[in-house]
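The values are calculated or read from the model by the stated rules, or taken from the named source; none is laboratory data. Please read all numbers here as calculations on a predicted model, not as lab measurements. When we count neighbours, we look across all protein chains shown, and the Cβ atoms used for this are built from the backbone with ideal geometry, even at glycine. The accessibility values were calculated without ligands, DNA or RNA, using every heavy atom of the protein model including side chains. Shrake-Rupley method; radii C 1.70, N 1.55, O 1.52, S 1.80 Å.
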Amino acid sequence: MLPQAVLNAVKRDNLLENVQVTGEYVKAGLESLQDKYDAVSNVRGIGTFLSFDLPTTQERDALILKLRNQGRGFSYGGGAMWLCGCVAVCSYC
């Protein structure tokens, strides 16, 4: 059955630990950006589902455009964008 196969893969490939380690690494990077740039604030999240705020929709849109122009993969919807599948969610005020 598919749900059992998914659970088996999660256990076999140690995916939960990988999400935790990767999330800690990415969150530290976002916190570093928060320290460096006033526009980035409120870094938060767990695992690889991480968020940060930008002050305006214009700054959010500029970031999205820059990432698209660089060929970075992400999806966007509902005031949030998911970078590289699920690495960072960028919300706005």
For Tyr25, what is the net charge nearby, where nearby means another residue's Cβ is under 15 Å from its Cβ and Lys, Arg count +1, Asp, Glu -1?
-2
Taking all protein chains in place and a 1.4 Å probe, what share, in percent, of the accessible surface of segment 1-49 do carbon and sulfur account for?
60
Using the alpha carbons of segment 30-72, what is the convex hull volume per residue in cubic angstrom, as a whole number?
83
With the other protein chains left in place, how much accessible area per residue, in square angstrom, belongs to segment 1-64 at a 1.4 angstrom probe?
72
If the cut-off is 14 Å between C-alpha atoms, which aspartates and glutamates fall inside it for Lys11, apart from same-chain ones fewer than 8 positions away?
none
Ala5: net charge of surrounding residues, Cβ under 14 Å, Lys/Arg +1, Asp/Glu -1, itself excluded?
+1
Leaving out same-chain residues fewer than 8 places away, which lysines sit with a Cα under 19 Å from that of Lys66?
Lys36
